[in-house]
Amino acid sequence: MSPLVVAVLLLGALAGAGLTLVVAQLVPAPPDLQAALARLSQQRRTPTELVGSGLQDRLGRALLAHAGTLPGLRPPVRELAILRIQPHEWLGEKVLLAVVGLAFPPFLTAVLDIIGVPLPWVVPAVVSVALAALFFALPSLTLRERAASAREDFARAVGAYIELVALERLAGAGTSQALENAAQVGHSWVFERIREELLRSRLSGTTPWESLSGLAEELGVPELGDLSDIMRLAGEEGAQVYEALRARGRSLRTAMLTREQTRANAASERMVLPVAMLALCFALLVATPAMYRLLTS
């Protein structure tokens with residue numbers, strides 16, 4: 001068998017393995033019954049409660065045990081919590097990506113050597129270290145952006161939830177009943193998260209505003225904490241909170257509109273330079289023939 005055929009077979013196998021991994025990530029996995037039961041338990045999940053058996057889980061748990069002593073391994077708890085990612089899963093993903101980045105250049109170098117294009121050992125060594133460092137940092141680079149987007153969606157949904165709770169209170173519902181009835185209206189992941197928390201509070205015997213306050217602290221969503229503070233006044237002191245809820249809903253909408261306007265203004269400012277460069281290029285394109293004739297005459 002010629003070296004070219006061997007190289008083609010190896011590259012085909014690598015492409016097939018990569019395609020298999022991509023398809024495996026796209027196909028929805030069956031629901032985890034243990035995870036669903038853990039979400040309904042009294043205590044929130046800890047990284048050791050849901051024990052997986054995969055390589056990623058084992059590596060992540062091993063690193064999580066030393067996360068306080070090794071630099072760069074401390075998990076961002078709030079960002080992971082709002083995305084419902086366990087810290088050991090995040091650490092395991094970082095390690096596996098680093099291993100892939102470390103192993104790919106030597107494999108490619110071996111394939112090129114079989115073809116007859118040898119490379120000095122320094123090239124795969126340097127590229128392996130660089131790719132391993134880049135792949136190891138990649139989950140951290142994308143996590144904060146994803147968490148910020150999810151937190152913004154959560155705050156927007158909480159604004160709608162506050163309005164629904166106010167309408168329930170206006171209709172005469174009690175404090176706990178208003179929170180639960182309003183949570184049944186929405187079908188997004190935010191309302192599902194709130195429903196799970198309210199169900200947990202009912203099963204554990206705690207007040208719903210205490211559970212929502214704990215969820216707000218866990219996820220870093222102060223808007224939900226404001227709602228829990230308002231409903232605590234209604235539940236513990238019997239205060240009339242309809243106007244307070246409507247005022248908080250209006251303030252949330254105003255804050256969101258302000259942020260959207262700020263983003264729009266920033267995007268408009270970023271477009272000034274490209275438009276100016278395009279206008280300059282167009283002016284040069286129009287003026288070049290005239291300048292050429294003037295200089296050559």
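The values are calculated or read from the model by the stated rules, or taken from the named source; none is laboratory data. Treat the numbers as computed from the prediction; the structure is a model and nothing was measured. Every residue, glycine among them, receives a Cβ derived from its backbone with ideal geometry; neighbour counts consider all protein chains shown.
Key figures
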item	result
Looking only at the range 158-174, and only at residues there that are outside any helix (DSSP H, G or I) and out of contact with any Gly (no Cβ under 9 Å at 6 or more places or on another chain), the one that is nearest to residue 195 (Cα to Cα)	173
Single condition residue 84 does not satisfy, out of (1) at pLDDT 65 or above; (2) loosely packed, with under 15 Cβ neighbours inside 10 Å; (3) over 19 Å from the mean Cα position of the chain (by Cα)	(3)
Condition broken by residue 240, with the remaining ones in (1) in a helix (DSSP H, G or I); (2) assigned by TED's automatic domain parsing to the domain that holds residue 173 satisfied	(1)
Any chance residue 216 is in contact with a helix residue (DSSP H, G or I) (Cβ under 6 Å, 6 or more places away or on another chain), among the aliphatic types (A, V, I, L, M), assigned by TED's automatic domain parsing to the domain that holds residue 165 and modelled with pLDDT of 90 or more	yes
Residues within the range 130-144 that are surrounded by fewer than 14 Cβ atoms within 10 Å (Cβ to Cβ) and closer than 14 Å to residue 81 by Cα, tallied	1
Residue that is of a type in the set (Gly, Ala, Ser), surrounded by fewer than 17 Cβ atoms within 10 Å (Cβ to Cβ) and assigned to a helix (DSSP H, G or I), where the choices are 148, 155	148
Any hit, the range 180-191, residues being modelled with pLDDT of 90 or more, assigned to a helix (DSSP H, G or I), farther than 21 Å from residue 85 by Cα and of a type in the set (S, T, N, Q)	yes
Only one of 105, 139, 124 that is free of Cβ contacts under 8 Å to residues at least 60 places away in the same chain, in a helix (DSSP H, G or I) and within 14 Å of the chain's Cα centre (by Cα)	139
